[in-house]
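*Asks:* Got a structure for you, written out below as C-alpha cells; questions coming shortly.
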Amino acid sequence: MHAPANVRRVRRDRDDARRDPHLLPQTSTRNKLGRVLWGIVYTLLFRWSPRPMHAWRALLLRCFGAKLGSNCHIYPGARIWAPWNLVCDDCACIADEAVIYNAATVHLGSHAIVSQQAYVCTATHDFDDPRFPMVVAPITLGNHAWVCARACVMPGVTLGDGAVLGLGAIAPKNLEPWQVYAGNPARRIKPRRRHATD
C-alpha cells in the first residue's frame, strides 16, 4: 500500500532539505504563523487606517507583543516585520514606507525617528556557510536619534542619543551620540547641536 500524497510530499521536502541546506527553514513555525496573522491584520486594519489614528495602530501592534510608550506615531504605511520584536519609548516615530525588518529586537528611544523609505535591518545571512543561515543582531536608536529618508541601519548597530544618519546613508557600525553622519559607508560629517532632552 502506498503512502498518501501529502505524506510523500513531506518526505520529499525533507529529503530535498537534506540534499540542499538552503531549503532548511530559517524561522520557527510559531514565528511564521505569527507573521501570517500579523500580515492579515496589517492588510485589513493597520495599513488602511487614517493617518491621525496613531493610538489605533499602537493598539494593534501591542496586541502582537510590541512594547510602545505613550504618543508613538507609527504611520499606516510603515512596514514592521515582527511586532513582538519592536520596542518604542515615548514619542518615537516610524514614517510611511519605512521598513523595520526586525528578526531581532529593534529599540527606538524617546523621540527617535525613522523617516520615509528608511530600512532598519536586523538580519543578514552567513554567506560563508553552505547552509546560508540567517544571522540576527538587535538594533538600538538612542533618544532623539534620526534615521533620515532612504537611509539603512545594518544588524547590530547602535545610533547614540541624538545621532543623525543622513539621506540615503548606510550605517554598518555604531554612530556616536550627537553627531551627523552621511554617505556609504556613513562617515561623521559634523556635530549636532544638543538640545534639551527629557
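The values are calculated or read from the model by the stated rules, or taken from the named source; none is laboratory data. Just so it is clear, the model here is predicted, and its values are computed rather than measured. Methodologically, a virtual Cβ is constructed for each residue, glycine included, from the backbone with ideal geometry; neighbour enumeration extends over all protein chains shown.
*Asks:* Would you please name the residue that is nearest to PRO138 (Cα to Cα), looking only at residues in segment 161-196 that are in a loop (DSSP other than H, G, I, E, B) and of a type in the set (A, V, I, L, M, F, W, C)? Don't jump to the end; show me each part of the working.
*Replies:* Of the residues in segment 161-196, the ones in a loop (DSSP other than H, G, I, E, B) are 161-163, 166-169, 172-174, 176-178, 183-186, 192-196.
If we keep only those that are of a type in the set (A, V, I, L, M, F, W, C) as well, we get 163, 167, 169, 178, 186, 196.
Numbers: ALA163: 17, LEU167: 22, ALA169: 19, TRP178: 21, ALA186: 19, ALA196: 27 Å.
Here the residue is ALA163.
*Asks:* I need every pair where a residue in segment 155-176 that is among the basic types (Lys, Arg) has its Cβ under 7 Å from the Cβ of a residue that is in a loop (DSSP other than H, G, I, E, B) and at pLDDT 95 or above, sequence separation at least 6 or different chains.
*Replies:* These pairs meet every condition: LYS173/VAL157.
*Asks:* Is at least one residue of segment 176-188 at pLDDT 95 or above and either within 18 Å of the chain's Cα centre (by Cα) or acidic (Asp, Glu) (or both)?
*Replies:* Pass one, segment 176-188, residues at pLDDT 95 or above: 176-188.
Imposing the further condition that a residue be either within 18 Å of the chain's Cα centre (by Cα) or acidic (Asp, Glu) (or both) reduces the set to 176.
Within segment 176-188 (the criterion being at pLDDT 95 or above and either within 18 Å of the chain's Cα centre (by Cα) or acidic (Asp, Glu) (or both)), the answer is yes, since at least one residue qualifies.
*Asks:* Of the conditions (1) at pLDDT below 95; (2) under 22 Å from GLY39 (Cα atoms); (3) not hydrophobic (A, V, I, L, M, F, W, C), HIS125 clears all except one; give me its number.
*Replies:* So the condition that HIS125 fails would be (2).
*Asks:* Looking only at segment 31-76, filter to residues that are in a helix (DSSP H, G or I) and charged (D, E, K, R); which one of those is surrounded by the most Cβ atoms within 10 Å (Cβ to Cβ)?
*Replies:* So the residue we want is ARG57.
*Asks:* For segment 128-143, enumerate the residues that are part of a loop (DSSP other than H, G, I, E, B) and at pLDDT 95 or above. Step through it out loud before you land on a result.
*Replies:* Of the residues in segment 128-143, the ones part of a loop (DSSP other than H, G, I, E, B) are 128-133, 137-138, 142-143.
The answer is ALA137, PRO138, GLY142, ASN143.
*Asks:* Shifting gears a bit: Within the bounds of segment 93-110, is there any residue that is within 12 Å of the chain's Cα centre (by Cα) and in a helix (DSSP H, G or I)?
*Replies:* No: segment 93-110 contains no residue that is within 12 Å of the chain's Cα centre (by Cα) and in a helix (DSSP H, G or I).
*Asks:* I would also like to ask the following. Being touching a Phe, Trp or Tyr at 6+ places or on another chain (Cβ under 7 Å), more than 21 Å from GLY160 (Cβ to Cβ) and surrounded by fewer than 20 Cβ atoms within 10 Å (Cβ to Cβ): is that true of HIS125 here? Explain how you work it out, then say what you get.
*Replies:* Details: touching a Phe, Trp or Tyr at 6+ places or on another chain (Cβ under 7 Å): yes; more than 21 Å from GLY160 (Cβ to Cβ): yes; surrounded by fewer than 20 Cβ atoms within 10 Å (Cβ to Cβ): yes.
Yes; evaluated as a whole, the condition is true for this residue.
*Asks:* Scan segment 74-100 residue by residue and report those that are closer than 16 Å to ALA149 by Cα and not small (Gly, Ala, Ser).
*Replies:* ILE74, TYR75, ARG79, CYS93, ILE94, ASP96, GLU97, VAL99, ILE100
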